[in-house]
Structures are given as structure tokens and as C-alpha cells.
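The values are calculated or read from the model by the stated rules, or taken from the named source; none is laboratory data. This one's a predicted model, so the numbers in the text were calculated from it and none came from an experiment. Using ideal geometry, Cβ is built from the backbone for each residue, glycine included, and neighbour counts are taken over all protein chains shown. Surface accessibility is based on the protein's heavy atoms, side chains included, excluding ligands, DNA and RNA. Shrake-Rupley method; radii C 1.70, N 1.55, O 1.52, S 1.80 Å.
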Amino acid sequence: MLKKLSRRNAFRQMQDYMVYLLTLILSVTLMYSFHLLVFSEEVKAVLGSWSMMPFIIIFISIVIVLILGRLVSYITEFIFRKRSREFGTYMMLGIENREIAEMFARESRMIGVAAWIAGLVGGTYFYQILKAMVMRLLLRPFHMGLDVSWEAFCLTGVYLFCIFGLSGKKIKKKVMAVSIRELLSMDAENEKAPVQNKKRKRILFLLSISALFLGCVLLAALLFSEVGNDAGGAVALLGLVMIVLSVFGFFMGFPAVLEQRLDRVKWKYRGRNLVLGRIFSGKIRNLSLTLASVSILFLLVFLAVSLGLFFNRRVDSRVEETAFDFAAGSLYGQEDLTPFKEYAQSKLPEAVTGEYQIYTSGERDFGRYFSTENMGKFMGFSHMDAMDNDCYMKMSVYEQLRDMLGMEKVHLDQDSYYMHCSGFAKEKLERYAKSRNLEVNGKEDEILSFGGAFTGAFFQQEFFGNGSYYLLIVPDRAVEHMQVIEELYVGVTPKELSMEDYEGLLSVERGDRTYLTGKPEIRETGASVVMSFSFPLFYLAFIFLAAAATIMTVQILSDLEQERRQFAILGECGMAQSEQRRILRRFFAVYYFLPVLPAALGGAAVYMAITGSINWDAYQGMTLIGFGEGMGILGMTAGVFFSIYLIYCLSAYLSFKKAVL
């Protein structure tokens with residue numbers, strides 16, 4: 001009989017807590033699909049044994065097991081409290097604690113099995129999407145098929161056993177020790193706030209606002225001031241601690257501040273503040289720690305998504321900066337590049353190609369200026385020893401390459417010199433160049449003045465190429481007595497070169513002083529970064545967001561009967577249903593978006609500090625993410641966050657409105 005009752009209760013829980021069940025199914029779907037990716041022989045063959053992705057995904061999965069285990073434990077205890085009178089009735093009928101504990105644990109296991117089965121089906125299909133993304137990143141053909149991995153199947157099962165086993169053991173221990181009296185009063189118990197005194201709560205709220213501001217200021221100091229490595233680490237840690245503490249202080253003190261506002265007659269009776277304030281304060285008064293924990297999870301979501309987008313953007317930027325689909329270079333022009341020309345002409349006839357030289361005068365005036373002292377956080381050092389000196393290019397070659405790359409045509413004065421440099425270095429290098437004139441072939445009577453600087457993707461961030469972040473453009477006559485530092489053969493194809501074609505170029509015999517690179521190689525290298533960092537970060541972010549949103553939704557839908565009575569009283573007092581719906585919308589907006597505010601501010605500050613302090617290396621050199629690009633990534637992060645979060649908000653609102661109004 002108890003088994004039949006367990007099945008009935010399990011199905012009822014699936015209906016009453018559908019959001020919880022769907023979150024579990026989606027979590028298992030992601031978990032199983034990523035495990036399939038880790039154990040896929042096809043993906044292993046492409047990535048090679050050096051890839052960090054499997055280890056990172058396994059580590060992330062262990063973190064997710066801990067998070068989901070806490071979610072399942074929280075929801076299970078929450079359901080037990082809500083059903084405590086039912087279990088008390090069972091106990092009064094003579095059913096022992098052990099049998100009640102086993103029955104409730106069986107219900108939880110049935111929900112877990114349902115989520116596992118549905119997640120395995122969903123994960124099998126979602127894996128195809130992940131594999132297609134991986135193959136596209138690596139410029140490999142994608143073949144759809146039904147993939148089965150016993151390793152992925154068993155590992156997912158072990159993780160689910162840990163999630164439900166640990167939470168089941170905890171709740172079983174609690175049920176075994178509970179009495180009838182405790183069960184009958186358990187549903188009225190509330191979360192105990194660490195701080196009870198209202199005055200202290202208000203002081204704590206003000207301190208939390210100050211701590212949040214101070215934490216953001218400390219992290220901003222890493223962006224806008226020069227901080228040493230040791231001091232920078234301490235400042236970053238202190239800023240992060242201040243933000244985390246401010247979140248907990250904010251939610252512990254906010255209910256007291258709201259109640260203080262409700263004591264003010266003028267504010268209380270303005271609009272619908274009284275009704276909305278009473279409903280909201282009654283809901284959050286005993287949820288301080290829960291809302292603070294949810295907000296911390298949201299902060300981690302913002303940070304994970306923004307960093308994932310950052311790594312993805314860095315890879316795309318590096319591919320764009322490479323400019324050419326393929327480039328072969330010979331140091332000092334010592335080795336012949338003819339084999340590459342012959343291969344390109346026969347195998348890649350559609351490619352637009354060019355051959356040219358890079359020169360040096362043997363001096364490094366600009367290179368000396370391009371140093372840590374003068375460029376702040378931008379460190380300029382050569383990709384090769386031979387490129388320590390300033391590098392020069394003929395104007396005729398520069399115009400030809402700009403045309404090849406589809407860049408805007410420019411007018412170059414034959415009595416001036418120009419510069420092409422990375423965008424981050426333009427302002428300071430341009431300022432320095434305006435104070436420098438160049439002599440043509442050492443003749444003091446023929447001087448070149450600075451004519452301006454250009455930016456754009458121009459093959460300046462690899463281990464060889466058109467200078468190390470900057471290149472001087474001079475009239476053709478100015479390089480007559482200069483030394484050739486590199487001979488280059490480059491090509492641009494109508495569409496991005498496939499990995500197969502690039503591997504053909506790699507098969508061409510070359511000497512030790514001949515180098516080859518191209519967009520396919522850069523993209524493949526970058527793809528390992530995306531798969532090792534961006535994929536796991538997005539995976540982690542979704543689980544965190546789903547877990548936090550589930551807690552918020554279960555809490556707001558937990559007292560529908562009480563909320564129904566409150567809104568019925570409002571109706572009896574003459575409030576129109578349209579006005580009730582307006583109040584309900586405001587209540588949901590405040591409830592769902594209050595934990596987002598401190599998380600968004602703190603997450604944005606931490607993200608900008610991290611990406612602003614990292615000199616992201618394209619190969620050996622470094623480029624810093626710009627403020628505008630950083631804000632763009634934060635905007636995309638907010639878009640991703642709310643596109644998922646609003647689904648939970650909307651589903652909870654529709655369920656609440658249907659049950660209450």
C-alpha cells in the first residue's frame with residue numbers, strides 16, 4: 001500500500017513542482033551531452049590527447065553535482081515541511097518513522113529516475129548540437145548519428161546517485177528523529193535570520209551598500225591605475241570579499257528598511273505602496289539567506305557567461321587579426337618560398353596572393369618607446385629576436401595589401417611616413433611619432449615627417465608577420481639600403497580556407513627558417529580555448545541559473561492558498577481585478593529582479609577587473625579588451641541571462657495568476 005501511495009505522491013509532486021522537475025531534466029540533459037562529448041572517439045580524434053576539455057568538463061560536472069545536490073536537498077526539505085501535517089497524520093495512524101522516511105525517499109528517487117530517463121533522451125539529441133558546434137569550430141565536416149557511450153551513461157548515473165543519495169540520506173535521518181508534535185507545526189516554521197534586531201538590520205543594510213560600492217571601487221582600481229602583481233591580487237581578493245559580504249548584508253537588512261518605509265504614512269499611502277509593500281515584506285521577511293544565496297549564484301552566472309563570451313570573442317578577434325588565410329615567411333629571406341607559390345597556384349587557384357619583404361634599419365626607436373613604462377599595461381616585446389628592431393614596409397606593398405584585404409583606399413604622401421599599428425597602441429605611438437622625423441637612407445637633407453597612423457587587422461600579432469604590433473610605412477626609395485628581415489608570401493581566399501586545404505600547405509617541404517600560419521591553424525588553436533573554457537563556463541552558468549530560478553519559483557508558488565485569500569480580501573474591499581493584476585505584476589517584478597541587481601553590479605565589476613587585468617595573448621604579444629567591447633559583452637551576458645530567467649518568471653506568473661485571481 002505504501003508503495004502505491006509513494007507512486008501517487010511522486011506523480012503529484014511532479015505536477016505541483018513541474019519547474020523543479022524540468023530543471024532536473026535539463027540539468028541531466030546537459031550533463032549527459034557533455035559526457036558524450038568527453039568520451040566521443042570522433043571528437044577525441046580531432047582534438048588530440050593534449051586537449052584540456054575532458055578534464056575541465058569532469059571538474060565542472062563535479063561542481064554541478066554539489067550544486068544540484070544542494071538544490072535537491074533544499075527542495076526535498078521544503079516539500080517535506082509543506083507536507084509535514086500529512087506525514088504527521090500517517091504517524092498518528094500507526095505508520096512508523098522508518099516507513100515514512102522510506103516512502104518519502106522512494107518518491108524522491110522516482111523523480112530522479114524520471115529526470116534521468118528524460119535527460120538521457122534529451123542529452124542524446126543535444127549532443128549532436130554540441131558536436132556540430134565543435135566540428136564547425138575546428139573546420140571539420142559534421143556527420144550526424146546516434147552515439148551511445150556506456151562511460152557517459154554510467155558516469156551520469158553515478159552523479160545522479162550521488163545527488164539523490166546524499167539528499168535522501170539527509171532527509172531520512174531527519175524523518176527518523178522527528179516527532180508527531182514537530183510534524184504538525186513544521187509547516188509554520190520560518191527561516192531564522194542571523195540578525196533579529198531591526199535597528200541592526202537597517203545599519204547592516206547601509207553597511208552592505210557601502211561595501212558593494214567599495215568593492216566595485218577596489219576592482220575598478222585594477223583597471224584605471226597601475227597596481228603591482230602582489231598588491232593587485234590582494235586588492236582583487238578584498239574587492240571580491242566586499243561584494244560577497246555586501247550581498248548577504250543587503251538581503252538581511254532590506255526587509256527592515258522596507259518595514260521602516262511602511263511606517264511612514266506619507267509613503268505608505270502613496271499609490272499602491274501599502275498593498276505591494278505588505279505582500280512583498282511578508283514574503284521576503286524570512287528568506288534573507290535564501291535570497292542572498294540566490295543572488296550569489298546569479299553573480300556567478302553573470303561572471304561565467306561574460307567570461308565565456310570573452311574567451312569566444314578573443315578567439316574570433318585573433319582570427320580576424322591574422323588577416324590572411326595563409327602566410328608563409330622566411331627569416332632574412334634565406335629560404336625560397338617557391339614551393340608554397342606552386343602549391344597555391346595548383347591547389348588554390350581562386351586565392352589572391354602577394355609576395356613582399358619586411359625591412360629593418362637596425363634601430364629600435366619606436367620599439368624602445370613601445371615598452372611597459374610607456375604603454376602602461378601593454379607590454380611590447382618581439383615575437384622573434386630578429387624583430388626587436390623597427391620594421392618597415394614599402395608604400396606600394398602596403399597599398400597592394402590593403403586592396404587585397406578589402407580595406408579602404410588611402411592616399412600616401414611620398415614625403416611622409418605612416419604607421420599601421422594595433423588599435424590599443426595607436427594613441428600613444430601616434431603621439432610619439434609626431435615628434436619623430438625619419439631620414440631617407442641616412443641623408444639629413446631628405447626628411448620624412450609623420451603623416452598619420454592606420455589600424456585594422458594586418459597580421460601583426462603572430463610570431464612572424466608585419467611587425468610586432470606596429471609597422472612603419474615609408475616610400476619605396478627609403479628602404480634601398482635597409483636589411484630584409486622577412487620575405488613573406490600571403491594569400492586570401494574567397495571563403496575561409498578549410499583545414500584540409502591548410503594541411504596541404506603544411507605538407508609542403510620547408511626549412512628550419514621558414515614559417516607557415518593561417519586562419520585555420522589559429523581557429524583550431526582558439527577552438528581548444530573555447531571548448532576548454534567557454535563551453536564549460538556556459539554549462540556551469542546554466543545550471544547555476546536554473547537552480548537559483550527554481551528556488552525562487554518554488555518559494556513564490558509555495559503559499560498559493562494564503563495568497564488567494566489575500567487577493568480575495570482585496571477584491572471584497574472593492575479593488576478591481578485589473579488593479580490586482582497590476583499589483584501582481586509589480587510584485588513579481590520586484591521579487592524576481594531584486595536578487596539580480598547586486599549580482600549584476602558585482603558581476604560586472606569582477607568581470608571588468610579580470611579582463612582588464614589580463615593581457616590576453618594572441619601568440620606571445622598582448623592585447624587588452626577595450627571598455628566599449630567589455631560593455632558589449634556585458635550587454636550580451638544580460639541578454640543571455642534574461643532570455644532564460646524570464647522563462648521562469650513568466651511561467652511562475654501565469655501559474656500564480658491562474659491559481660490566485
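Take the Cα pairs of the chain, get the Kirkwood Rh, then feed it into Stokes-Einstein at 25 °C and 0.890 mPa s and tell me D in µm²/s.
Working: Rh = 29.3 Å.
Result for D is 84 µm²/s.
Assuming R0 = 51 Å, can you tell me the calculated FRET efficiency for the pair Glu86 and Ile203, based on Cβ-Cβ distance, to the nearest 0.05? Please report the intermediate quantities before stating the final value.
Details: r = 42 Å, r/R0 = 0.82.
Between Glu86 and Ile203 the formula returns 0.75.
If the cut-off is a Cα-Cα distance under 13 Å, which aspartates and glutamates reach Lys199, setting aside same-chain residues fewer than 8 apart in sequence?
Cα-Cα hits under 13 Å: Glu259.
Placing +1 at every Lys and Arg Cβ and -1 at every Asp and Glu Cβ, with all other atoms neutral, what dipole size does the chain have around its Cα centre, in debye to the nearest 20?
Values: 69 positive and 65 negative charges, 1351 e Å.
Roughly 6480 debye for the chain.
Bin width 5 Å, alpha-carbon pairs only: give the P(r) of segment 398-528 as whole percents, running from 0 to the bin holding the largest distance.
P(r) over segment 398-528, rounded to whole percents: 2, 8, 15, 19, 19, 14, 10, 7, 4, 1, 0.
Loop only by DSSP, 10 or fewer other Cβ within 10 Å of the Cβ. Give me the trypsin sites (Lys or Arg not before Pro) in segment 259-312 that pass, ordered by residue number. Don't skip to the answer; put the middle values down first.
Working: sites: Arg261, Arg264, Lys266, Lys268, Arg270, Arg272, Arg278, Lys283, Arg285; in loops: Arg264, Arg270, Arg272, Arg285.
Loop-located and lightly packed - Arg270.
Taking Cα pairs under 8 Å and at least six residues apart, what relative contact order does the chain come out at, in percent? Present the calculation step by step, with values, prior to reporting the outcome.
Details: 914 pairs, mean separation 131.4, N = 661.
Worked out over the chain, it gives 20 percent.
Given labels modelled 7 Å from the Cα in the Cβ direction, how far is it in nm from Lys266 to Lys409?
7.0 nm
Work out the charge dipole of the chain with +1 on the Cβ of Lys and Arg and -1 on the Cβ of Asp and Glu about the Cα centre, then indicate which of Leu139, Ser651, Phe78 is farthest towards its positive end.
Result: Phe78.
Given a Förster distance of 51 Å, report the FRET efficiency between Ser507 and Ile62 from their Cβ-Cβ distance, rounded to the nearest 0.05. Show your work: numbers first, answer last.
Values: r = 42 Å, r/R0 = 0.82.
So, using R0 = 51 Å, E works out to roughly 0.75.
Can you give me the P(r) profile for segment 195-354? Cα pairs, bins 5 angstrom wide beginning at 0, each as a whole percent.
With 5 Å bins starting at 0, P(r) equals 1, 7, 10, 10, 11, 10, 8, 7, 6, 6, 5, 4, 3, 3, 4, 3, 1, 0.
Write out the trypsin sites (Lys or Arg not before Pro) in segment 456-553 meeting two conditions: DSSP loop, and at most 10 other Cβ atoms within 10 Å of their Cβ.
Numbers: sites: Arg477, Lys495, Arg510, Arg513, Arg523; in loops: Lys495, Arg510, Arg513.
Taking segment 456-553 and a limit of 10 other Cβ atoms within 10 Å, the loop trypsin sites (Lys or Arg not before Pro) found are Lys495.
For the chain, the longest stretch holding no chymotrypsin sites (Phe, Trp or Tyr not before Pro) located in a DSSP loop with at most 15 other Cβ atoms within 10 Å is which? Write down the numbers at each step before the final one.
Working: sites that count: Trp50, Phe142, Tyr269, Tyr332, Phe381.
Counting only loop sites that pass the neighbour cut-off, the longest clear stretch is 382-661.
Keeping every protein chain present and rolling a 1.4 Å probe, give me the accessible area per residue for segment 314-361 in Å².
On the way: 1970 Å² over 48 residues.
Ligands and nucleic acids excluded, the result is 41 Å² per residue.
Work from the charge dipole of the chain (Cβ charges, +1 for Lys and Arg, -1 for Asp and Glu, about the Cα centre) and give the residue of Gly282, Ala118, Leu471 farthest towards its positive end.
The Cα lying farthest towards the positive end belongs to Gly282.
Give me the 1.4 Å probe accessible area per residue for segment 451-607, excluding ligands and nucleic acids, in Å². Please list the in-between numbers first.
Working: 5590 Å² over 157 residues.
Accessible area per residue, segment 451-607: 36 Å².
Quick one: in segment 446-493, what % of C-alpha pairs are over 16 Å apart?
Counting every Cα pair in segment 446-493, those more than 16 Å apart make up 53 percent.
State the extension gain, in nm to one decimal, for the chain segment bounded by Asp16 and Ser655, taking 0.36 nm per residue of separation less the distance between their alpha-carbons.
Once the chain is fully extended between Asp16 and Ser655, it gains 229.0 nm.
Given the options Ala638, Leu36, Thr353, identify the residue whose Cα lies farthest towards the positive end of the charge dipole of the chain (+1 on Cβ of Lys, Arg; -1 on Cβ of Asp, Glu).
Positive-most Cα among the choices belongs to Ala638.
Pairs Lys428/Lys519; Lys341/Lys426; Lys3/Lys169; Lys4/Lys172; Lys394/Lys434: which are spaced more than 24 Å apart, C-alpha to C-alpha?
Values: Lys428/Lys519 29 Å; Lys341/Lys426 34 Å; Lys3/Lys169 19 Å; Lys4/Lys172 19 Å; Lys394/Lys434 20 Å.
In this structure, Lys428/Lys519; Lys341/Lys426 exceed 24 Å between Cα atoms.
Can you compute the helix-only [θ] at 222 nm over the chain? Use -39500 (n - 2.57) per DSSP H run of at least 4 residues, normalise by all residues, nearest 500 deg cm²/dmol. Kindly include the intermediate steps, with their values, before the conclusion.
Details: 25 runs with 431 residues, N = 661.
The helix-only estimate for the chain comes to -22000 deg cm²/dmol at 222 nm.
Please go through segment 509-600 and write out the GluC sites (Glu not before Pro) that DSSP classes as loop and that have at most 10 other C-beta atoms within 10 Å. Each step should come with its number before you reach the end.
On the way: sites: Glu509, Glu521, Glu524, Glu561, Glu563, Glu572, Glu579; in loops: Glu509.
Loop-located and lightly packed - Glu509.
Hey, what D do you get for segment 309-361 in µm²/s if you plug the Kirkwood alpha-carbon radius into Stokes-Einstein at 25 °C and 0.890 mPa s?
Numbers: Rh = 13.6 Å.
Roughly 180 µm²/s, to the nearest whole number.
Could you check the simple spin-label distance between Ala568 and Val148, using points 7 Å along Cα→Cβ, in nm with one decimal?
That separation, rounded to one decimal, is 5.5 nm.
Give the separation of the Cα centroids, segment 415-463 to segment 135-160, in Å.
Between the Cα centre of segment 415-463 and that of segment 135-160, the gap is 51 Å.
Tell me the carbon and sulfur percent of the accessible area for the chain, rounded to whole percent, probe radius 1.4 Å.
59 percent
How large are Rg and Dmax for segment 15-86 when only the alpha carbon atoms are used, in Å?
Gyration radius and largest Cα-Cα distance of segment 15-86: 17.1, 58 Å.
What are the lysines whose alpha-carbon lies under 16 Å from the alpha-carbon of Lys174, with same-chain residues fewer than 8 places away excluded?
Correct list for Lys174: Lys82.
Taking 0.36 nm per residue of sequence separation and subtracting the Cα-Cα distance, how much length would be gained by fully extending the chain between Tyr332 and Asn273, in nm to one decimal? Please report the intermediate quantities before stating the final value.
Working: separation 59, 0.36 × 59 = 21.24 nm, distance 7.72 nm.
Gain on extension, Tyr332 to Asn273, equals 13.5 nm.
What dipole magnitude, in Debye to the nearest 20, does segment 75-119 give about its Cα centre under +1 on Lys/Arg Cβ and -1 on Asp/Glu Cβ? Provide the component values of the computation, followed by the final result.
On the way: 7 positive and 6 negative charges, 30 e Å.
So the magnitude is around 140 debye.
Can you give the Rg and Dmax of segment 521-560 based on its C-alpha atoms, in angstrom?
Spelled out, the Cα radius of gyration and Dmax of segment 521-560 are 17.1, 58 Å.
Would you mind getting the accessible area per residue of segment 83-147, heavy atoms of the protein chains only, 1.4 Å probe, in Å²? Don't jump to the answer; show the numbers that get you there.
On the way: 3220 Å² over 65 residues.
Here the per-residue accessible area is 50 Å².
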